Each structure stands twice: as C-alpha cells, then as structure tokens.
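Inspection log for the structure reproduced underneath, given as structure tokens.
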Amino acid sequence: MSKKTILLIDGENILHQSFHKFEKLKSTNGKPSGAIFGFFKSLHMYLTRFEPDGVYISFDNGHSPVRTKLLPNYKGHRKNISIDYESLQKQKAIIMKMLGMLRINYIFDKKKSTVYEGDDFLAYLAIKKFQSEKMILISSDKDFNQLLSNNLRIYNPRKDEMIRMDNCKELFGYHSHETVEYLAMVGDTSDDISGFPGIGPVKARKILDEGRIEKFIAQSKNKEYLQIWKRNEQLIDLFWFVRHNPLEKLPLKSKKKFKYEKFKELCIEYSLASFLTNEFIKPFKELHHE
C-alpha cells in the first residue's frame, strides 16, 4: 500500500504573502479581497500540483506565551510594520469561513486554549500524527528545516523550491539536523532572536564542522554563550516545544459538509468570479471525492 501524501500548510505565511501581493484588489463594492484571492489561488495550485490525500492549514492567534516569557521582544519588530491589520484580520476570517465551506481542515486556536503558534501545530502534526506518511510542508520559514526527514519535504512558495534532506545544506549552509544549532548561533531576524555575539554564518559553519555547539561553549571564555544557547534552543527547537508542551486537544476545524452555495455567495460578495469555474472547484471536490 503506498503512503498517503499530506499537505501541511503554513496559513499565516501564505496569508501575509497574498495580502502584500494583491494589496490593491477590492470587490466591486470596495471591500478588500486581495488576501482572499491570493490565498485560494495558491491553495488551488498546491492541490493540483501535489494531489494530496489530506490537507491541514494552520493559523496564528498571537505569540506563544512560552516564547514571550523566554524573550519579551520575540517577533517584536512585527508590531512596527505598517500594514492595515484590520483589513488583514477581516480577510483572514473570511478565508477560514471559506475553507470550512470547501471542507479543508484548518487549525486556529480561537480561544487561546494552548500555548502553540501556527508553526507549532504543523510541527505537532509532522512529529506526532503523520510521521509515517509522506508530507509536504508549505512555508518559506527556515525554522521548519529541522523537520526534514525521508518522509517530509518542504516547499518554499516564495522561491518555488523543494527542500529535502539531501539539498538542505546546499541551499542553506547547514544540514536539517543542524538547523537549531545553526540558527541559535547566527540568530533569526524574522523572529527577533539574537544569536551569539561575534558569530556569523562562516564561524557557525566552522563550529559545526568541528563538532558540537556544547563543545564550543564549554571551551569558550564567553559566559554569555551558554545562556543564549539555552534560551535560543527553546525558542527555535520544534521537537523540544512539542515534547515539553503536550497537547490535550488540537483546535482543528474539520467540516463534514461541502457548502458550495454558501461559498458561491461569498465569491460573489468579494467579486471572485474566477473561483466559480469548474476548473477551480474540481481539486477541492476531488479531495473529498464529492
């Protein structure tokens, strides 16, 4: 029996990308619709290209309290990015509604009942639920490289690039199993995680080539390195996070009925006529053998 292919999609990643790319798009009555348009255009492309047996999309609801406790300024710069958050949130709510109508599974911790962010849910699914299936994780976030395995590949939509265990080092300068150590040393500007003072990519690569990060820290005169390593490991290591924060219940929204008429109404409201073609709806129906 061949393995199933499960698509794990970083919804927040695709949402923001779509929002910026189609910022000017509005419905005939002036409602912003670019994020919705871009999101479903991308999703349709993934379904037709990868022909998955199952799809799970995760969204954020704020930052994980576990990480903000470790690093108060975690993802801090994002507060200063000038984007219309109201429009983004409104469109995100419509996207989730439409996903439900098309019977696409999505994860959104509306009540903040967990300490997980969107990325952590995807890691949880990859580590705990689908580890024996074939998985394609869709995101441009390099933190996910640590999850690469014989069963899991990563598709970076921004570069149209497939990342695997055998090409990770060539693309990023480190092997998948070195992701946490490498990013802990050089830092991760996208999440406002600072690395080891005075260590950039070249030095980090040299440290990894000579053995382990612990060995380097033990031999180093800089006492700050150990504190930064302990903190950054907990901020970046998804295996650590899932292991130390067990989930009682996954906040998964999974609908039983395909509601095409309701979907159609929203498409008309947001002037998304191209979504009403048979060609567009076909892969969504095929996914559930509708």
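As a rough guide to protection, the peptides 221-228, 117-124 ranked by mean Cβ packing within 10 Å, highest first, stand as 117-124, 221-228. Put simply, the amide H of Y155, placed in the peptide plane, has neighbours under 5 Å in L137, I138, S139, I163, leaving out anything fewer than 5 places away on its chain. 3J(HN,Hα) along region 84-92, derived from phi through the Karplus expression 6.51 cos²θ - 1.76 cosθ + 1.60 where θ = phi - 60°, amounts to 7, 5, 4, 5, 4, 5, 4, 5, 4 Hz, with x in place of Gly and Pro. Taken over the Cα atoms of the chain, the convex hull encloses 146 Å³ per residue.
Is any residue of region 110-154 close enough, with backbone N under 20 Å, to a label point placed 7 angstrom from the Cα of Q89 along the Cα-Cβ axis, and if so, which? Under 20 Å, as judged by backbone N against the label point of Q89, lie 110-119 of region 110-154. What percentage of all Cα-Cα pairs in region 17-141 are separated by more than 23 Å? Counting pairs separated by more than 23 Å, the tail of P(r) holds 40 percent. Couplings 3J(HN,Hα) of region 150-161, computed from phi: 5, 9, 10, 10, 10, 9, 8, x, 6, 10, 6, 9 Hz, in residue order, whole Hz [Karplus 6.51 cos²θ - 1.76 cosθ + 1.60, θ = phi - 60°; x for Gly and Pro].
Shown here: region 163-280, whose C-alpha atoms stretch 67, 35, 26 Å along the first, second and third principal axes, sorted largest to smallest.
Have a look at the DSSP beta bridges in the chain and tell me what percent are antiparallel, nearest 5. Approximately 30 percent, going by the DSSP bridge assignments. Computed packing ranks the peptides 261-267, 42-48 as 42-48, 261-267, most packed first, by mean other Cβ atoms within 10 Å. Backbone N atoms of region 114-143 closer than 12 Å to the 7 Å Cα→Cβ label point of F239 belong to residues 127. Under a no-solvent Debye model with one identical scatterer per Cα of region 104-240, what's log10 I(q)/I(0) at q = 0.15 Å⁻¹? Values, matching the q order: -0.79. If you find the alpha carbon centre of region 1-68 and of region 179-198, how far apart are they in angstrom? Between the Cα centres of region 1-68 and region 179-198 lies a distance of 27 Å.
Straight-distance candidates among the aspartates and glutamates for linking to K282, with alpha-carbon spacing under 12 Å and chain neighbours fewer than 8 residues away dropped: E51, E290.
Relative to one another, the C-alpha centroids of region 119-133 and region 229-261 are positioned 8 Å apart.
Available extension along the chain between D53 and E214 is 53.8 nm, counting 0.36 nm per residue and deducting the alpha carbon span. Remark: region 249-288 is approximated by an ellipsoid whose semi-axes, taken from the C-alpha gyration tensor as √(5λ), come to 22, 14, 9 Å, largest first. Relative to the globular-protein estimate of 2.2 N^0.38 Å, the Cα radius of gyration of region 218-271 stands at 2.32. For the peptides 98-105, 186-193, residues were scored by their other Cβ atoms within 10 Å and the scores averaged per peptide; the highest-first order is 98-105, 186-193. Across region 186-229, counting alpha-carbon atoms alone, Rg and Dmax equal 10.5, 30 Å.
Every number here is computed from the coordinates shown, using simple stated rules; none is lab data. For clarity, every value in this text was computed on a predicted model and none was experimentally measured. We place every Cβ from the backbone using ideal geometry, glycine too, and count neighbours over all the protein chains shown.
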